[in-house]
Amino acid sequence: MGLESKGRTFRDRFLIADVKMKADFPTERWFWFDPPFHPGQSVLLHRQPDNIWRIDFQLGWDADPVVERQPERVIPRVKALLGEQTEFELEWCSVYTFSCLRMETFRHGRVLFAGDSAHGVSPFGARGANSGVQDAENLAWKLKLVLEGKAPEQLLDTYASEREYAADENILNSTRATDFITPKSEISRIFRDATLDLAKDCAFARRLVNSGRLSVPATLVHSPLNTPDCDDFAGAMAPGAAALDAPVFVDGKPDWFLRQIGDRFTCLFFTKDQMLSPQTRESISALSRANVEVASIVVAPRIHPASQANGPRLIEDRDGLLAERFDAAPDTVYLIRPDQHVCARWRSFTGERVIDAVARATCNS
Amino acid sequence: MTKGASMPAKLNTEPNIGFYDEFYERLIEMHRGLVDEQSQAVNARLILLLANHIGDLDVLTEAMARARSDA
């Protein structure tokens with residue numbers, strides 16, 4: 001198709017050594033900026049599945065990628081870190097460079113790009129696979145609605161625009177970490193070292209230290225699928241945000257909120273006592289039979305099992321954490337997309353506003 | 001002995017910047033394309049501007065002492 005990804009390739013090489021250790025090492029992520037055992041370069045140690053520890057040694061641009069991955073070169077570096085006495089087996093090693101880049105648009109007619117084919121980031125912060133899964137979550141429900149004839153194909157353009165925005169945010173965070181880890185100029189190195197020095201006794205400097213921020217889902221603030229707020233809300237759950245989780249009770253058993261949503265549009269009703277007016281019950285029933293189905297969940301601090309029959313699903317928010325995280329009061333209503341992003345919210349319910357918001361979130365308005 | 005060291009601490013070293021990654025990026029960006037001498041002059045002007053904004057001699061003295069302590 002003659003398409004390419006554009007961006008920045010970092011002139012640096014890193015050695016990955018995956019080792020199996022007999023020692024009982026705590027499951028912590030360690031990042032060294034300029035350690036005595038690998039002077040002038042950074043080292044990262046973190047745990048992988050199956051008792052494997054991954055060690056990343058920064059080598060610099062001039063390192064020879066073929067020579068550096070030979071076991072006789074790798075083993076002394078690992079020993080310098082773990083100590084001569086620590087027993088380990090070298091499972092796998094490789095030398096890599098990385099780039100931050102993306103395709104200009106993720107949709108080209110019937111061809112949709114996702115994951116590594118659409119964007120690449122540096123490996124600091126669990127950004128690669130996470131963003132690929134987020135692409136898939138964003139695309140799956142849109143593709144389904146379009147294929148079923150329930151939404152126009154313009155909905156697929158919003159896959160591209162939302163995930164391009166998310167990729168830019170991901171690349172920005174990744175680039176900032178990379179610039180801190182590998183300063184590109186003398187003055188940048190001086191500020192980096194000053195930050196590390198102050199971090200010993202100044203809390204603010206510890207915030208500035210950037211060895212890779214753990215990836216969080218992008219808040220799709222500019223998405224055309226969001227219905228802008230018309231009521232006042234505080235907190236992070238603005239339209240476009242990925243829904244936060246909270247411990248809740250379902251059928252009297254402890255569970256998690258996010259497990260209750262995520263395969264269709266869901267309308268979340270916060271209540272004082274799980275009671276809904278007859279008109280609201282009628283609307284909920286209509287929403288469940290609409291062309292684009294909307295499931296409903298009622299949230300209350302206490303659920304009375306006797307009244308559970310024949311109504312929408314019930315979630316018990318015993319500790320009030322769900323309501324707190326969503327800045328919800330009794331009568332607050334949230335509309336959540338199938339990919340668990342918030343797309344609309346109100347301080348009171350009317351069926352019409354939910355129908356309009358679903359139409360907007362599916363390009364049907 | 002600096003004055004700051006014997007007084008109760010007034011210098012705030014707790015996190016006080018909301019967008020710390022963005023701040024740091026702008027700080028480094030401020031120096032882009034400058035040679036060392038220019039960077040030093042830019043840093044000096046920045047310190048003077050911020051010192052005037054802070055305007056509290058005890059705070060500034062304490063900050064100077066902490067900055068100097070590892071030199």
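All of the numbers you see were taken from the coordinates with simple rules; none came from a lab. What you are looking at is a predicted structure, and each value in this text was computed from that prediction instead of being measured. Cβ: placed from backbone, ideal geometry, glycine included. Neighbour counts: every protein chain shown.
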- Query: Over what distance in Å are the Cα centres of segment A:261-283 and segment A:188-244 separated?
  - Reply: 32
- How much length is gained on full extension from A:ALA329 to A:LYS20, taking 0.36 nm per residue of separation minus their Cα-Cα distance? 106.1 nm
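At 37 °C and 0.692 mPa s, what whole-number value in µm²/s does Stokes-Einstein give for the translational diffusion of chain A, with Rh from the Kirkwood sum over Cα pairs?
D = 139 µm²/s.
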- How far is helix B:57-68 tilted off the main Cα axis of chain B, in degrees rounded to 10, range 0 to 90? 70
- Between A:LYS184 and A:LEU147, what FRET efficiency comes out of the Förster formula 1/(1 + (r/R0)^6) with R0 = 60 Å and r the beta carbon distance, rounded to 0.05? 0.80
- Note on the structure: Residue span A:ASP64 to A:ARG302: 0.36 nm per residue of separation minus Cα-Cα distance leaves a gain in nm of 79.2 nm
- With r as the distance between the Cβ atoms of B:GLU22 and A:SER94 and R0 = 45 Å, compute the FRET efficiency 1/(1 + (r/R0)^6) and round to 0.05. 0.85
- Using modelled amide H (1.01 Å from N, peptide plane; none on Pro or chain starts), what sits under 5 Å from the amide H of A:ALA246, excluding residues fewer than 5 places away? A:PHE257, A:LEU258
- Task: Work out from phi, with θ = phi - 60° and the Karplus expression 6.51 cos²θ - 1.76 cosθ + 1.60, the ³J(HN,Hα) of each residue of segment A:148-153, listed in order in whole Hz, and give x for Gly and Pro.
- Result: 7, x, 9, 8, x, 5
- Sequence-distant aspartates and glutamates (8 or more away, or on other chains) whose Cα lies within less than 17 Å of B:LYS10: A:ASP201, B:ASP56, B:ASP58, B:GLU62
- Under 5 Å, built H, 5+ apart or other chain: amide partners of A:ARG318: A:PHE249
- Out of residues 5 or more away from A:PHE265 or on other chains, whose amide H comes under 5 Å of its own, with H placed 1.01 Å from N in the peptide plane? A:ALA295
- Likely footprinting exposure, B:ASP56, A:ASP135, A:ASP50, A:ASP56, fewest C-beta neighbours within 10 Å first: A:ASP50, B:ASP56, A:ASP56, A:ASP135
- In chain A, lysine pairs closer than 22 Å at Cα, eight or more apart or cross-chain: 5
- Listing B:ILE17, A:ILE75, A:ILE171, A:ILE355 from the residue with the fewest other Cβ atoms within 10 Å to the one with the most, what is the order? B:ILE17, A:ILE75, A:ILE355, A:ILE171
- Item | segment A:157-308, relative contact order in percent, only Cα pairs under 8 angstrom and at least six apart counted | 16
